[in-house]
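The values are calculated or read from the model by the stated rules, or taken from the named source; none is laboratory data. Note that the structure is a prediction, hence the values are computed from the model and not measured. FYI the Cβ positions are ideal-geometry reconstructions off the backbone, even for glycines, and counts take in every protein chain you see.
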């Protein structure tokens, strides 16, 4: 099939195949690289939010709780709980469209508020932190009923003695806390113990969408560059190769029919120019050979006439 195609079409087909293969390979590599970069970008935002929530927790523990310690004996104020404060502040963050898809949870093995109870997956993360105290962060993808999410988790440990006032034992906890949540959950905590994990999650579609947007943009640029290259190669091929070859073909056909006055013109010093010079030398050799043949033929005819007389 290719034998019957012109040189230009052969080159176009070859370059098109290269274009398709290049786009496919570029797509695979770009998808991997950009997804990794998008994941790091989302993770960096999640970590900033997590650090902010950590600051909210510290502020609640060191500034709010001491001021309201006496009042807590008669009235429980959820705003004085670091986990509650952090979660409420995070919900305020989510009012901003940039953070709407982010979710924050202080997953705890034995929480006072069962809203913070860790599920099976979160429990595994916490147990991993408890077994390996040098492990400071975990991240990845997980499946939830709403679909795939990307998460990043850090250990949640008791670092302040004031936190144990509500979590050491039911007897030491404020009476208002017991009346609201009961005496069954959220007790027995110890100082420096890892009791849970702070987890920020975001739908995986956000990571994938961010990567795909960059992929489509870059692949579009690559595609446009390849098309421009194919066009330029075709123009260059037509000018530097196809036209000179067609011209030499016409001259060769003319010479073959006896029009030896036609000349092979060498317009360049590249391979096409060298080919034209070679044809020119062949043409000259053919002219010399034809002259010799004509001379010998005419000479032989003259000799025969002489002998006849």
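Given the criteria under 44 Å from the mean Cα position of the chain (by Cα), in a strand (DSSP E or B) and in contact (Cβ under 8 Å) with a residue 60 or more places away in the chain, does residue 218 qualify? Working first, answer last.
Numbers: under 44 Å from the mean Cα position of the chain (by Cα): yes; in a strand (DSSP E or B): no; in contact (Cβ under 8 Å) with a residue 60 or more places away in the chain: yes.
Criteria not met by residue 218.
Is it true that some residue in the stretch 53-75 is in contact with a strand residue (DSSP E or B) (Cβ under 7 Å, 6 or more places away or on another chain) and at pLDDT 75 or above?
Of the stretch 53-75, the ones in contact with a strand residue (DSSP E or B) (Cβ under 7 Å, 6 or more places away or on another chain) are 53.
With the extra rule that they be at pLDDT 75 or above, the set shrinks to 53.
The answer is yes; a qualifying residue exists.
Please pick out the residue among 154, 130 that is modelled with pLDDT of 90 or more and within 18 Å of residue 83 (Cβ to Cβ). Write out each step before concluding.
On the way: 130 fails: within 18 Å of residue 83 (Cβ to Cβ).
None of the other options fit; the residue is 154.
Being surrounded by fewer than 14 Cβ atoms within 10 Å (Cβ to Cβ) and under 11 Å from the mean Cα position of the chain (by Cα) is the filter; apply it to the stretch 15-36 and report the residue that is nearest to residue 138 (Cα to Cα).
Once the filter is applied, the top-ranked residue is 36.
Does residue 266 fit the bill of being modelled with pLDDT under 80, crowded, with 16+ Cβ neighbours inside 10 Å, in a loop (DSSP other than H, G, I, E, B) and over 40 Å from the mean Cα position of the chain (by Cα)? Walk me through it before giving the result.
Working: modelled with pLDDT under 80: yes; crowded, with 16+ Cβ neighbours inside 10 Å: yes; in a loop (DSSP other than H, G, I, E, B): yes; over 40 Å from the mean Cα position of the chain (by Cα): yes.
Yes; evaluated as a whole, the condition is true for this residue.
What's the total number of residues in the stretch 111-127 that are more than 23 Å from residue 164 (Cβ to Cβ) and either assigned to a loop (DSSP other than H, G, I, E, B) or out of contact with any strand residue (DSSP E or B) (no Cβ under 7 Å at 6 or more places or on another chain) (or both)?
The number of residues fulfilling the criteria is 3.
Out of the stretch 7-27, which residues are modelled with pLDDT under 75 and within 17 Å of residue 219 (Cα to Cα)?
23, 26, 27
So residue 127 passes all but one of these: (1) surrounded by fewer than 14 Cβ atoms within 10 Å (Cβ to Cβ); (2) free of Cβ contacts under 8 Å to residues at least 24 places away in the same chain; (3) more than 26 Å from the chain's Cα centre (by Cα). Which condition number does it fail?
(1)
Somewhere in the stretch 180-188, is a residue surrounded by fewer than 17 Cβ atoms within 10 Å (Cβ to Cβ), more than 19 Å from residue 117 (Cα to Cα) and in the same structural domain as residue 101 (by TED's automatic domain parsing)?
No, the stretch 180-188 has no match at all.
Where residues in the stretch 130-164 are assigned to a loop (DSSP other than H, G, I, E, B) and out of contact with any strand residue (DSSP E or B) (no Cβ under 8 Å at 6 or more places or on another chain), which of them is surrounded by the most Cβ atoms within 10 Å (Cβ to Cβ)? Working first, answer last.
Our first condition is that a residue be assigned to a loop (DSSP other than H, G, I, E, B); within the stretch 130-164, this holds for 132-137, 145-146, 158-160.
Now narrow it down to the ones that are out of contact with any strand residue (DSSP E or B) (no Cβ under 8 Å at 6 or more places or on another chain): 132, 134, 145, 159-160.
Values: 132: 10, 134: 5, 145: 4, 159: 12, 160: 14.
The extreme case among them is 160.
Could you check, for the stretch 189-212, whether at least one of its residues is within 26 Å of residue 15 (Cβ to Cβ) and either modelled with pLDDT of 80 or more or outside any helix (DSSP H, G or I) (or both)?
In the first step, residues of the stretch 189-212 are kept if they are within 26 Å of residue 15 (Cβ to Cβ); the result is none.
So far as the stretch 189-212 goes, no, none of its residues is within 26 Å of residue 15 (Cβ to Cβ) and either modelled with pLDDT of 80 or more or outside any helix (DSSP H, G or I) (or both).
Under 6 Å between Cβ atoms, which residue pairs at least 6 apart in sequence (or on different chains) link something in the stretch 44-61 that is in the same structural domain as residue 92 (by TED's automatic domain parsing) with a partner that is outside any helix (DSSP H, G or I) and modelled with pLDDT under 80?
61/160
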